[in-house]
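Written out below as structure tokens is the structure these notes cover.
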Amino acid sequence: MTDASPDDPHTPAVCLDVGSCWTKAVLVLPDGTPAGFAEHPTTPDVLTGVDAAVAAAAAAAGRRRRAAPRVLACSSAGGALRLAVVGAETLTATEAGHRVCRSAGARVVGVHPGPLEPDAVLELSSRRPGAVLLLGGADGADPAVLLHNAGRLARTRGHWPVLLSVGEDARADALGLLLAGGRAVTTCPNVTPQPGRIVAGPARDAVAALYARHVLGAGTGRFGALVRSGTHAAVGDGAGVLARLTGSGVLVVDVGSATTDVHRHGPGSGPAAATVEGDLGVRDGAVGVLTEAQTEGIVDPVEADLLGPAVATLQESRATVPADRGAAAEDRRLAAIAAVVALRRHLRHTGVLADPAQPEPAPVTPVDAGEIGLVVLTGGVFRQRDAAGLAAAARTVRHDAVLAPLLARAEVRVDSESVLAPAGLLAAHGREVAASGLLAEHLTG
């Protein structure tokens, strides 16, 4: 059932989204009618959960199904990219790491200042990084610590790549040491070219490229043949279809277990921008949501204390569903907060909002915020039947003090049927009729 055979838009399709915690499947008929939904906890081997979800969704059509469905799949099974930072000094390395990760799908899992000694190497390895950012200080600085660390990393066991962000004067020597040890290396301009100055843009782009490969999860064998794109790409494609259908600018926020991504499309076939936050989610990223909500002033200390125990539980719970209405309400509240933080970051990253922490603003994406006519909250956490609770989540976004002026003329809707990613998959495989029908039925009507 999970083959990668040529597509026929006149047959049903099972749209499969393999997440870091849940694998979700929607059976969609050629006209865009959803005929079945199933979900299964994402399994360690991935394929067991995939096959179970696909079979259950396909079976939901019963005897109405005449043709075998085509499986269209996306994945975010890899979750956020775990980035360890190795640098000369703690404060600079910490700030540089967080700025590089911001909006690029990564989160900092450890900062290791100074020369790497055996204990520090063991600690770094224990963090299970997906990549290591190696810094060397300001341009022209003494390269001794950098070269020592490059040699250590070259000899350390592990398959993670190194992102080498150092000055040109020391880059060749450090690169040579890393390559001699068989380490995969990506080079980019120095994040810290001068004392007190951080230029994160090029390294952030490199991290985003690493994330795009990492997020798919196990990319070999049958799963690798089945999954060719990330969930964030599918949601972005769905946002594009929605913008064409509505003729207005669209903002989509997809709140996941480990990451939260934002997609902005101009009216019709206008320009688009996307960001992925690797520290915001309702399971693996729950602690990051509460931390950033306090930093941004979205929650007060009293609410933070009330949410704290739930967040600690969610961080470890992974593929669980709320046990009662109270737990479901906490899930929705956390998801709404994640959406607000992610939207603020996205609009700052693309230059629509000023970022007080970023003295060198990113290039402005040519999308006028005044053109935004629709904001959509999507993600499995919003697949609930509590209309009042979902409306409260939408109000949290609409009435946020920072976002409200930009969204004054926009409608905020909740994708409670999880149709955006399936619509994006359909559109990417030439099934525009089905994609448009699916969205028209559930999000534009």
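Per-structure values
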| item | result |
| --- | --- |
| Total residues in segment 243-280, condition of a type in the set (S, T, N, Q) and under 14 Å from the mean Cα position of the chain (by Cα) | 4 |
| Any chance ALA144 is surrounded by fewer than 19 Cβ atoms within 10 Å (Cβ to Cβ), in contact with a Pro (Cβ under 9 Å, 6 or more places away or on another chain) and of a type in the set (Gly, Ala, Ser) | yes |
| Test result for ALA203, buried (at least 21 other Cβ atoms within 10 Å of the Cβ), touching a Leu at 6+ places or on another chain (Cβ under 7 Å) and assigned by TED's automatic domain parsing to the domain that holds GLY380 | no |
| Residues being small (Gly, Ala, Ser) and within 17 Å of VAL207 (Cα to Cα) - total across segment 118-174 | 3 |
| Filter result (in a loop (DSSP other than H, G, I, E, B), modelled with pLDDT of 90 or more and surrounded by fewer than 24 Cβ atoms within 10 Å (Cβ to Cβ)) within segment 46-77 | VAL46 |
| Residues of segment 299-351 satisfying the condition of being under 30 Å from PRO271 (Cα atoms) and in contact (Cβ under 8 Å) with a residue 60 or more places away in the chain | ALA335, ALA336, ALA338, ALA339, VAL340, VAL341, ALA342, LEU343, ARG345, HIS346, HIS349, THR350 |
| Those residues of segment 161-177 which are in contact with a strand residue (DSSP E or B) (Cβ under 9 Å, 6 or more places away or on another chain) and crowded, with 22+ Cβ neighbours inside 10 Å, in sequence order | VAL162, LEU163, LEU164, SER165, VAL166, ALA174 |
| Candidates LEU116, LEU134, filtered to the one that is on the phi < 0 side of the Ramachandran plot, aliphatic (A, V, I, L, M) and touching a residue at least 40 places away in the same chain (Cβ under 8 Å) | LEU134 |
| Residues that are among the polar types (S, T, N, Q) and outside any helix (DSSP H, G or I), drawn from segment 286-327 | THR320 |
| Any hit, segment 296-308, residues being under 12 Å from the mean Cα position of the chain (by Cα) and either over 18 Å from ALA131 (Cβ atoms) or not hydroxyl-bearing (Ser, Thr, Tyr) (or both) | no |
| Residue, surrounded by the most Cβ atoms within 10 Å (Cβ to Cβ), within segment 5-45, restricted to residues that are of a type in the set (D, E, K, R) and closer than 13 Å to THR231 by Cβ | ASP17 |
| Qualifying residues in segment 395-426 (those that are closer than 18 Å to THR444 by Cα and in a loop (DSSP other than H, G, I, E, B)) - the one farthest from the chain's Cα centre (by Cα) | ARG409 |
| Of residues in segment 35-45 being part of a loop (DSSP other than H, G, I, E, B) and touching a helix residue (DSSP H, G or I) at 6+ places or on another chain (Cβ under 8 Å), the one farthest from LEU72 (Cα to Cα) | THR43 |
| Within segment 272-319, considering residues that are modelled with pLDDT of 95 or more and under 30 Å from GLY247 (Cβ atoms), the one surrounded by the most Cβ atoms within 10 Å (Cβ to Cβ) | GLU277 |
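The values are calculated or read from the model by the stated rules, or taken from the named source; none is laboratory data. As the structure is a prediction and not an experimental result, all values here were calculated from the model. Neighbour counts are summed over all protein chains in view; Cβ atoms, including those assigned to glycine, are modelled from backbone coordinates with ideal geometry.
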